[in-house]
Number of protein chains: 2
Amino acid sequence: MGLIVTDALLDGERVGLRCEGGLIEALGPEVAPGDGEETIDAGGMLLVPPFVNAHTHAAMTLFRGFGDDLPLMEWLEGHIWPAEARLKPEDVYWGTRLAAIEMIRSGTTRFVDMYWHEGEAARAVGDAGLRAVISSVFIDGLDPGKGEGMRPAALAQLDEIQELAAADGRVDATFGPHAIYTVSAESLRWLAEQAAERGLGFSIHLSETQGEVDDCLEAHGIRPAHYLDELGCLGERAILAHGVFLDDAELELIAERGATVAINTSANSKLAVGGAFPYGRAREAGVRVGLGTDGVSSNNNLDMFEEVKLFSLMAKHDSGDPAAAPAGEALEIARGLNSPALGGTPLEPGEPADFLLLDPETPELSVGDLDAGLVYAATGSVVDTTVVAGRALMRGREVEGEAEAIAEVRARAARLTSPP
Amino acid sequence: MGLIVTDALLDGERVGLRCEGGLIEALGPEVAPGDGEETIDAGGMLLVPPFVNAHTHAAMTLFRGFGDDLPLMEWLEGHIWPAEARLKPEDVYWGTRLAAIEMIRSGTTRFVDMYWHEGEAARAVGDAGLRAVISSVFIDGLDPGKGEGMRPAALAQLDEIQELAAADGRVDATFGPHAIYTVSAESLRWLAEQAAERGLGFSIHLSETQGEVDDCLEAHGIRPAHYLDELGCLGERAILAHGVFLDDAELELIAERGATVAINTSANSKLAVGGAFPYGRAREAGVRVGLGTDGVSSNNNLDMFEEVKLFSLMAKHDSGDPAAAPAGEALEIARGLNSPALGGTPLEPGEPADFLLLDPETPELSVGDLDAGLVYAATGSVVDTTVVAGRALMRGREVEGEAEAIAEVRARAARLTSPP
């Protein structure tokens, strides 16, 4: 049975939308309610494409508001790492489940994740009805021997995610080496080869701090993007998170290879890394980009409305140009439509039936240009209905299982963040 | 008849709160429901002080999403000024009314306003049940003769606002010279004298762009804050909006005089003025500060949750210190508690009965430090109940008159923003 939406507002026109088999089958003023099919009367709500969160660590909802406003290493060593050492697979399930609910509530239908126990993350995404690119995280502490020993487990985890992926088609498995300062060259090369062989993606942190660049120059004589390229890691399916300290030659190389940078403006500002992604230069070089919230312990939410606003404002602030990253362009990026690797899809027949209905009867969306309203005025609370693969995951701001997920995360966070 | 709130969570403790005559009469675990009094069962919601918006042009809800992403002068000359020239007093009433509703929805109970036809703004604030500092705006185009001719009308407008203020005690009248580049020295001196005589405040834009500083240096040989001081404008009741380009000597002078700077991080970034308020240096100098959203045509919302996050993130980004403007400090500033001129009040018996009840059963506030949750994770949508002077203006996210205000603003915005 398909889903039919009637009386939605798309580009100023009243339209209907029919979903079948998880895809948009028809879209236009002629689409009318069908017999015996599930129908949503949009009552004039705005029909728009959803967001793609290009970089996050979803299960970190367990550590929200835990050790904020501390110097980076004090936060990691004194708070996050000891707590993560106590993580059990079920914690990751519930952390990811609550993250999925938060994303559904704020209009994100697909996200690129990197964390521990990602089989559980994949299961949570499946149960929540969302889409995700789930990476089997890999850290060998720059020890190639240790890295070699980890390979079987890494492949087993990948297989686990791929099995879940095959089950319903909403989860993609990908490789997730953490960063060039935590993974040896040998392991990076092996992971890149594995990804190429299996036709899978590759998600990695890159150039988040100046220290990473300096260390790379000292150890290898080249900058991080060139180092990754030498190891075969910069393909079209690579998603590079942060990229704050990329220079022009690196941006050109990344553009040439067709890799994607996931920009994390909020997290970079909150952690005070000392800069923001050089959007103007990247745009000129033709780099594909997306936006990520990063984990909630360095943001502290998963609201892409907030992220796209901060991205656009930071691009203007940094360049001194109020016309930089204008609303329409920023939205295209936030919707994952600027890069095929992110898997964003437009509202068109034949495309996945992923979309949002927004409430225009709010002060934020009451008047003016819609794109400007979405980027500069609205927050996630304007989303009334979130549909993924033709299934409504939220209607009237109610998401199934929210109270249970909050209770589970509360109990687990209390255990994880208490000194043992 | 008073209002009683039961079962609210304050600093981890279940408390009740009793209001009488617009003030908090009692607050603590011992406060119980009274006979025949209006009672709100908070059901474990979080009881917190509200925000004070230290600088806005409320009625600009009429121009939201109108001419975004344009160079500053093209936006002002091609869009905003021609539209403002068509403003009628009733437009300002409805624009301000919708702004008040948006503020109630996002937890702001008091704001400092500067716009045209402010008698109507004062009426809208009165009807909405909010508090505001309303300024009778003054621009003489640097023509002292014209300025002298405007004095009777300026005083008449002030009297009108003061009359409304006397009626219910929620509106304060203040003087509102626009800026040093739009108001002559003679008029600024006269306005400062009038303010001092009447014991009223003074609200003015200051040092928003480098051009303003350069022009001031060229015309007067001194920087803007020193120029204002020579004219007697830097008293304890002065609220200076923006202050992006203040140097250390100016910050010290402002601190010495006890004036307050209203920081507008979102608007400064969106308009790409080329900098942000130097919070670190201002804090060291002891400058009193508050946060403002500015008008929605340069923000584009009135959500102080978003503003306080951006303020804190920009302070960290600019200083390279992740511990700059920590959550508790940022909240104190956003609540108007850092300066007596802003009129923020704490939750204590004898203080005005202005407060919020927030929904903790949300992903954003599910775990972690509450201050961090409010600054970094929450948006205005976590506010369930907004109370001003012991009267609930919103419960369960329903504000009276919202649909009517949206319809009025839509119709008026369509007229104002259409070419004549």
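The values are calculated or read from the model by the stated rules, or taken from the named source; none is laboratory data. Remember, predicted model here, so these are calculated numbers, not experimental data. Virtual Cβ from ideal backbone geometry, glycine too; neighbours counted across all protein chains shown.
A residue that is of a type in the set (G, A, S), under 25 Å from A:P360 (Cα atoms), within 12 Å of chain A (Cβ to nearest Cβ) and in a helix (DSSP H, G or I) occurs somewhere in region B:379-392.
Does B:E351 satisfy being under 30 Å from B:L200 (Cβ atoms) and either in the same structural domain as B:R257 (by TED's automatic domain parsing) or modelled with pLDDT of 95 or more (or both)? Full working, then the answer.
Details: under 30 Å from B:L200 (Cβ atoms): yes; either in the same structural domain as B:R257 (by TED's automatic domain parsing) or modelled with pLDDT of 95 or more (or both): yes.
Judged against the criteria, B:E351 is a match.
When region B:197-221 is limited to residues that are of a type in the set (A, V, I, L, M) and surrounded by 15 or more Cβ atoms within 10 Å (Cβ to Cβ), the one that is farthest from B:A173 (Cα to Cα) turns out to be B:V213. Hey, does region A:97-112 have a residue that's of a type in the set (G, A, S), within 25 Å of A:R223 (Cα to Cα) and buried (at least 22 other Cβ atoms within 10 Å of the Cβ)? Among the residues of region A:97-112, not one is of a type in the set (G, A, S), within 25 Å of A:R223 (Cα to Cα) and buried (at least 22 other Cβ atoms within 10 Å of the Cβ), which makes the answer no. Within the bounds of region B:132-155, is there any residue that is within 14 Å of chain A (Cβ to nearest Cβ), at pLDDT 95 or above, part of a helix (DSSP H, G or I) and closer than 29 Å to B:S187 by Cβ? Within region B:132-155 (the criterion being within 14 Å of chain A (Cβ to nearest Cβ), at pLDDT 95 or above, part of a helix (DSSP H, G or I) and closer than 29 Å to B:S187 by Cβ), the answer is no, since none of the residues qualifies. Just one of (1) within 14 Å of chain B (Cβ to nearest Cβ); (2) of a type in the set (D, E, K, R); (3) in a strand (DSSP E or B) fails for A:R18. It is (1).
Would region B:351-367 turn up any residue that is touching a Phe, Trp or Tyr at 6+ places or on another chain (Cβ under 8 Å) and β-branched (V, I, T)?
At the first step, the residues of region B:351-367 found to be touching a Phe, Trp or Tyr at 6+ places or on another chain (Cβ under 8 Å) are B:367.
Filter once more, so that each one left must be β-branched (V, I, T): B:367.
Yes, that holds for at least one residue.
The set of residues in region A:356-375 that are within 27 Å of A:E20 (Cβ to Cβ) and in contact with a Ser or Thr (Cβ under 8 Å, 6 or more places away or on another chain) comprises A:L356, A:L357. Considering only region A:185-207, how many residues are without any contact (Cβ under 8 Å) to a residue 12 or more places away in the chain and under 17 Å from the mean Cα position of the chain (by Cα)? Qualifying residue count, region A:185-207: 0. Evaluate region B:362-370: report whether one residue or more is of a type in the set (S, T, N, Q), at the interface with another protein chain (Cβ under 9 Å from one of its Cβ atoms) and within 30 Å of B:E332 (Cβ to Cβ). Checking region B:362-370: at least one residue is of a type in the set (S, T, N, Q), at the interface with another protein chain (Cβ under 9 Å from one of its Cβ atoms) and within 30 Å of B:E332 (Cβ to Cβ). Do we have any residue at all in region B:337-349 that's under 30 Å from B:P89 (Cα atoms), surrounded by fewer than 23 Cβ atoms within 10 Å (Cβ to Cβ) and without any contact (Cβ under 8 Å) to a residue 60 or more places away in the chain? No: zero hits. Highlighted here are the helices (runs of 4 or more DSSP H) found entirely within region B:236-309 that include at least 2 residues which are within 14 Å of chain A (Cβ to nearest Cβ) and under 24 Å from B:M60 (Cα atoms): B:265-270.
Applying the selection to region A:114-142, what residues are among the acidic types (D, E) and out of contact with any Ser or Thr (no Cβ under 6 Å at 6 or more places or on another chain)? Please lay out each step first, then the result.
Quick first cut of region A:114-142, residues among the acidic types (D, E) only: A:118, A:120, A:127, A:140.
Those that are among the acidic types (D, E) and out of contact with any Ser or Thr (no Cβ under 6 Å at 6 or more places or on another chain): A:E120, A:D127.
So, in region A:156-184, how many residues would count as being within 22 Å of the chain's Cα centre (by Cα) and either without any contact (Cβ under 8 Å) to a residue 24 or more places away in the chain or part of a helix (DSSP H, G or I) (or both)? Residues meeting the conditions: 12. Summed over region A:57-78, the residues that are away from chain B (no Cβ under 13 Å) and at pLDDT 95 or above give a count of 1.
Here is a yes/no grid of residues against (1) of a type outside the set (K, R); (2) free of Cβ contacts under 8 Å to residues at least 60 places away in the same chain; (3) touching a Gly at 6+ places or on another chain (Cβ under 7 Å):
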{"site": "A:R335", "(1), (2), (3)": "no, no, yes"}
{"site": "A:A353", "(1), (2), (3)": "yes, no, yes"}
{"site": "A:V375", "(1), (2), (3)": "yes, no, no"}
{"site": "A:A378", "(1), (2), (3)": "yes, no, no"}
{"site": "A:A405", "(1), (2), (3)": "yes, no, no"}
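Taking the numbered list (1) surrounded by fewer than 21 Cβ atoms within 10 Å (Cβ to Cβ); (2) over 24 Å from B:T379 (Cβ atoms) in turn, A:A225 passes all entries but (1).
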